[in-house]
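What follows draws every value from the coordinates through simple rules; no lab data is involved. Values in this document were obtained by computation on a predicted structure and should not be read as measured data. Ideal geometry is used to build each Cβ from the backbone, glycine not excepted, and the neighbour counts take in all protein chains shown.
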Amino acid sequence: LPSFDTLTQLLHLDLSNNKLTGVIPGNFLDSAPKRKPVEIDLSSNSLTGIVPFPLDEFDNLSIYLRDNKFTKLPESLCDSDNKGWNLRDVEFYGCDAIMCPPGTANFLGRQSSETTPCKKCNAKTEFYGQIECPGALGSSSGNHLNPFFIVLSVGWASLFSFFMCL
């Protein structure tokens, strides 16, 4: 992943679903505006390692990291000086608003409301920001289904019957 460290006016970067590998560089977005709202989407790649601590310099960052292979999310990125992150979700849900912790998942890979908590998986997950639990209904390698679309495809009556059988 390039660092994009010389782009002084960068406010939006969407690199989701690009099969990117490696780590987020420590100097990622070094020259981007730190006081303006910045939106970064790196979701659904194969990025690894630690989310870099220097991102803590941003006041109002919306960063989407779901469905990668991150092994560490520094607590300092989730503290009170970052309460404006992810449209203020960090203020209410802490680190879960950036990525669900290992052992949990939801279709967003993070908590964005009271109705989208990170839910505990039965099987062990080792990465942050998982969008599904291993072995969960609808899971398959490289094919992630958003539950909203599942509802549309099976219809309400079938969905009700399915949940009654659980």
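How long is the gain from GLU57 to LYS19 if the chain were fully straight, where each residue apart is worth 0.36 nm and the alpha carbon distance is subtracted?
Full extension from GLU57 to LYS19 adds 11.0 nm.
Which Cα, out of LEU13, ILE63, LEU73, lies furthest along the positive dipole direction of the stretch 8-73 (beta carbon charges, K/R +1, D/E -1)?
LEU73
Straight distance only, please: which lysines reach the Cα of LYS34 with their own Cα at less than 24 Å, same-chain residues fewer than 8 apart left out?
Counting by Cα, and skipping residues close in sequence, LYS34 has these lysines nearby: LYS72, LYS83.
Let me have the relative contact order for the stretch 1-124, percent, based on Cα pairs under 8 Å that are six or more residues apart.
Once normalised by length, the contact order is 18 percent.
Take the Cα radius of gyration of the stretch 4-135 and divide it by 2.2 N^0.38 Å, with N its residue count; two decimals is plenty.
Rounded to two decimals, the normalised Rg is 0.99.
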